[in-house]
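Report on the structure given below.
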2 protein chains.
Amino acid sequence: MERGQGPRKRPDAYVIGVGHTAFGEAWEKSYRQLMTEAGLAAIQDAGIQGDEIDEVFVGTMSTGKLVGQEHVAPLLLDGAGLADLHIPATRVEASGASGGLAFRQAVQAIRAGGADIVVVGGLEKMTDVSDADAQAIASSGIDQEWEHFFGANDAALHALVAKRHMAEYGTTREQLAAVAVKNHAHGANNPLAQFRRAITPDKVLRAPMVAEPFTVFDCAPVSDGAACLVLASSGVVGSYRKDAVKVSGSGQASDALALHSRATTTTWRSTAEAARRAYTEAGISVADIRLAEVHDAYTINEILAIEDLGFVKKGEGGPATLEGRTGFDGDIVVNPSGGLKARGHPAGATGIAQVCEVVWQLRGEAKGRQVKDARIGVTHNTGGTGATAVVHVLEGGF
Amino acid sequence: MERGQGPRKRPDAYVIGVGHTAFGEAWEKSYRQLMTEAGLAAIQDAGIQGDEIDEVFVGTMSTGKLVGQEHVAPLLLDGAGLADLHIPATRVEASGASGGLAFRQAVQAIRAGGADIVVVGGLEKMTDVSDADAQAIASSGIDQEWEHFFGANDAALHALVAKRHMAEYGTTREQLAAVAVKNHAHGANNPLAQFRRAITPDKVLRAPMVAEPFTVFDCAPVSDGAACLVLASSGVVGSYRKDAVKVSGSGQASDALALHSRATTTTWRSTAEAARRAYTEAGISVADIRLAEVHDAYTINEILAIEDLGFVKKGEGGPATLEGRTGFDGDIVVNPSGGLKARGHPAGATGIAQVCEVVWQLRGEAKGRQVKDARIGVTHNTGGTGATAVVHVLEGGF
């Protein structure tokens, strides 16, 4: 059960419970209701009691601006009726990577040896503000002083990256659109996805322009939603469900916050470095990976991701996607859930939802979208224009 | 050097470098300049090179609302010219406890065995918004839906706690004022403090009312500032400065976010529980503690803190303070730095600044305010009305 151990024996982390609200526009639910719904579902899925929880982490990007509430981590316990247990609860934030980062902190808490059961949630309630405010808040993950203040926003910077990738590698508008087409097709089979309808390349190309070359279908939506996981240490995992999923690799890396401070914008070195660390820790190579949930906030992100994660060579992300090599008939299934594009992107929830999807896949529970013979899956979550990247390797079949 | 180890041998964390900007109104410096200033000072104090850093944590409460920037952790590296190293960088948030919580995450990262050198910063830039906005933002750490939305704010809730403590234990207005008088006297000797002047009890009592029984001198100010620490693992600490300070205990606890959800408001069970965990881990009793930096956002907070940390019996916090038992001539010196009241309270920086002060004290470097024979010091940092509490035990003389 244990392999790839370094000189010092440390506990490993396993996912034993998942919870995931429907993503979309949840006018009728507050952010704490969403968090409680996902949290209770995960606890029930794991079959644990509240008093077994040693620690809690919550990933959320901007509750302060979106709903006027900072200090949200204690609410996960509060909503579940567990406040009297005084369990440590910590919020972490890294823009769109907040969920993935919270997951990593939960894994680290177990590896530190002080916790056996850790609950980690991610959430965002984004649709209660105007579209303009939502765009401004999304842009608080890029550099405020050197980018946003001067008029660049999150979509515009990603569009610059796309244009540069097109210039350097010959990536085409149709290849970008192929990401959205694939992920909408996948999302149509995910009952929790915000958008559950297939779209055509033509629909992407003719949609309203957001920032050239992106139309609205190149961009993930503004969403409400929450997701939650229960983790167990190797010391206690045997007492819980038999289909626990092992977190065999965890990698995180940063980069300059401002895009213009980097030597290149078409390789996201934070992704490459986080992946290298995660794969090394897990003792795997890219060839072992059968599925991945990657961060496709814009279509260009998935192309960058599959290149920087090593799934395809640099510059081949566009052709590979258009040729179907990252779909269900391909070598590696990328974003079987529909990704951020179709599942939706409640910022802090995304990194946790990615792990939920991989866990369902590795358990064989991804009805209607099951990746065959899935044993190793990867999650990839980024913040801003890649100043934070988090990569995890998950393994089933233990 | 190692004692109190549990069954599994794990690395311990030591503080080997401190950096701390002046606290106050820093009109001429941006939040990233403050962070860079504190970060470079800590790195220089530790005598490390940038490429030795394995991981970074940053505690900040509300940069999104205060300066329009989330995703601040990568900036600590960016400002120091270290972005190209792709070091993992994580922001944590728990209202006023953000700094203490970031410190705990840094300690945990070392204990997890994956990091030998960790840098942890805390900062807030609060004076660039109106006083009304600053008060509203401070209140985003209490329950937005059930408290703030209905008109209660951070000061008002703490005032309710004070009134209840007065009713239950006979705590007097003069005893509350004695906290401010003591901490201003201490702050007068701290060159980095926002307020460096002694005040009289009469001045506190006759100052403008904020929320009965508090006048303006019962409340910590709105502040700008940053503080930073460098931590080393037991495996490498021998290669750095000889006066490293050991983090021998780390405790964190949560409670219901809303005050009305708790059985009592005059005992903060999160503090008591965090302290119990930290003392147990360190293998110390309260009698061993010679100094403490506690969270005195309002005068009542210090009275609650010294009771709930076990320094005095419940209900005796007021008399003990008035009698000078928590000053330089007392049994235990509380807030030798001046505390939040006089040093200032840039929310996310406070928990790190508390550790800076204890490290200076344990190194014997607290010129003009040195606690004699200091060997064990405690830090105590809370968020909102105590929904998060973090307690650390630090030991010098190794």
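Over the stretch B:92-238, consider all pairs of different Cα atoms and compute the Kirkwood hydrodynamic radius from their mean reciprocal separation; express it in Å, one decimal. Could you put the intermediate results ahead of the total?
Numbers: mean 1/r = 0.0554 Å⁻¹.
One decimal place: 18.0 Å for the Kirkwood radius.
Just to confirm the number: angle between the C-alpha axis of helix B:154-169 and the first principal axis of chain B, 0 to 90 degrees, nearest 10?
60 degrees
Stretch B:Glu145-B:Ala132 to full length: gain in nm at 0.36 nm per residue minus the Cα-Cα span?
Gain on extension, B:Glu145 to B:Ala132, equals 2.8 nm.
Quick one: dipole size for the stretch A:85-221, taken about the Cα centre, charges +1 on Lys/Arg Cβ and -1 on Asp/Glu Cβ, in debye to the nearest 20.
580 debye
Which semi-axis lengths, in whole Å and largest first, follow from the square roots of five times the eigenvalues of the Cα gyration tensor of the stretch B:188-251?
Equivalent-ellipsoid dimensions as semi-axes: 40, 14, 11 Å.
Above 37 angstrom, tally the Cα pairs of the protein assembly as shown and express them as a % of all pairs, no decimals.
36 percent
Would you please state the base-10 log of I(q)/I(0) at q = 0.15, 0.16, 0.18 1/Å for the stretch A:237-327, with intensities from the Debye formula using one equal scatterer on every alpha carbon?
-0.66, -0.73, -0.88
Compute a Gaussian network model of chain B, connecting alpha carbons closer than 10 Å, and tell me which residue from B:Gly114, B:Gly327, B:Gly79 fluctuates the most.
B:Gly114
Which of A:Ala162, A:Ala347, A:Ala26 ends up with the largest GNM mean-square fluctuation for chain A, with Cα atoms connected below 10 Å?
A:Ala26
Using DSSP to call loops (not H, G, I, E or B), can you name the GluC sites (Glu not before Pro) in the stretch B:306-343 whose Cβ has at most 15 other Cβ atoms within 10 angstrom? Intermediate values should be presented prior to the final figure.
Values: sites: B:Glu307, B:Glu316, B:Glu323; in loops: B:Glu316, B:Glu323.
Loop-located and lightly packed - B:Glu323.
Output the Kirkwood hydrodynamic radius of the stretch A:348-398, Cα pairs only, in Å rounded to one decimal.
11.7 Å
Using a Gaussian network for chain A with springs between C-alpha atoms less than 10 Å apart, which of these wobbles most: A:Gln105, A:Gln33, A:Gln49?
Judging by the Gaussian network model, the answer is A:Gln49.
What nm distance separates the two modelled labels at A:Val216 and B:Glu28, each placed 7 Å from Cα along Cα→Cβ?
Placing both labels 7 Å along Cα→Cβ, they lie 5.0 nm apart.
Taking the Cα centre of chain A as origin and charging only Cβ (+1 Lys, Arg; -1 Asp, Glu), how large is the dipole, in debye to the nearest 20?
In debye, rounded to 20, chain A gives about 920.
Given points 7 Å out from each Cα along the Cα-Cβ axis, report the B:Lys314 to A:Glu168 separation in nanometres with one decimal.
6.3 nm
Please state the charge dipole magnitude for the stretch B:320-398, taken about the Cα centre, from unit charges on C-beta atoms (+1 on K and R, -1 on D and E), reported in debye and rounded to the nearest 20.
Magnitude of the dipole: close to 200 debye.
From other protein chains only, count the Cβ atoms within 10 Å of every residue's Cβ in A:73-80, then give the mean.
Across A:73-80, the average partner-chain Cβ count within 10 Å equals 6.
Taking just the alpha carbons, could you work out the radius of gyration and Dmax for chain A, both in angstroms?
So, for chain A, Rg and Dmax equal 19.3, 58 Å respectively.
In this model, which of A:Lys65/B:Lys29; B:Lys9/B:Lys246; A:Lys242/A:Lys313; A:Lys182/A:Lys367; B:Lys9/B:Lys313; A:Lys125/A:Lys341 are farther than 27 Å apart at the alpha-carbon?
Check vs 27 Å cut-off fails for A:Lys242/A:Lys313; B:Lys9/B:Lys313.
Relative contact order, percent, of chain A when contacts are C-alpha pairs under 8 Å separated by at least 6 residues?
26 percent
So which chymotrypsin sites (Phe, Trp or Tyr not before Pro) in the stretch A:16-120 are both in a DSSP loop and have at most 10 other Cβ atoms within 10 Å of their Cβ?
Sparse-neighbourhood loop chymotrypsin sites (Phe, Trp or Tyr not before Pro): A:Trp27.
Could you list A:Phe217, A:Phe149 in order of exposure, starting from the residue whose Cβ has the fewest other Cβ atoms within 10 Å?
A:Phe149, A:Phe217
Once the stretch A:52-166 is represented by equal point scatterers at the alpha-carbon sites, with solvent omitted, what log10 I(q)/I(0) does the Debye formula produce at q = 0.11, 0.12 Å⁻¹?
-0.46, -0.54
Which one, A:Leu160, A:Thr21, A:Thr200, is farthest towards the positive end of the dipole of chain A when Lys and Arg carry +1 and Asp and Glu -1 on their Cβ?
Result: A:Thr200.
Taking each label point as 7 Å beyond Cα in the direction of the beta carbon, state the distances from B:Thr264 to the same residue in the other copies, shortest first, in nm.
So the label point of B:Thr264 gives 6.3 nm to the other copies.
Need one number: the % of Cα-Cα pairs in the stretch B:142-198 sitting beyond the 19 Å mark.
Of all Cα-Cα distances in the stretch B:142-198, 52 percent exceed 19 Å.
Under the classification rounded if a/c is under 1.5, otherwise prolate if a/b is larger than b/c and oblate if not, where does the stretch B:314-382 fall, given a ≥ b ≥ c as square roots of the Cα gyration tensor eigenvalues?
The shape class here is oblate.
Please sort by residue number the trypsin sites (Lys or Arg not before Pro) in the stretch B:362-398 whose DSSP state is loop and whose Cβ has at most 16 other Cβ atoms within 10 Å.
B:Lys367, B:Lys372, B:Arg375
How far is A:Gly151 from itself in the other copies, in nm, if each label sits 7 Å out from Cα along the Cα-Cβ line, shortest first?
Once sorted, the set of distances for A:Gly151 reads 4.6 nm.
How big is D, in µm² s⁻¹, for the stretch A:209-366 by Stokes-Einstein at 10 °C and 1.306 mPa s if Rh is the Kirkwood radius over C-alpha pairs?
93 µm²/s
Put the label 7 Å from Cα along Cα→Cβ for B:Arg206; what are its distances to the other copies, in nanometres, shortest first?
So the label point of B:Arg206 gives 8.0 nm to the other copies.
With 10 angstrom as the radius, rank A:Ser234, B:Ser337 by how many other C-beta atoms surround their C-beta, starting from the fewest.
In order of increasing Cβ crowding within 10 Å: A:Ser234, B:Ser337.
Please state the relative contact order of the stretch B:36-111 as a whole percent: Cα pairs under 8 Å, 6+ residues apart?
Computed over the stretch B:36-111, the figure is 37 percent.
So, in Å, what gap is there between the alpha-carbon centers of the stretch B:45-106 and the stretch A:239-265?
One Cα centre to the other: 17 Å.
Along the charge dipole of the protein assembly as shown, Cβ charges K/R +1 and D/E -1, which of A:Asn381, B:Gly64, A:Thr127 sits furthest on the positive end?
Value computed over the given set: A:Asn381.
Only the coordinates and a few stated rules stand behind these numbers; no lab work does. Bear in mind the structure is a predicted one, so any value in this text is a computation, not a measurement. All Cβ positions, glycine included, derive from the backbone under ideal geometry; neighbour counts span all protein chains shown.
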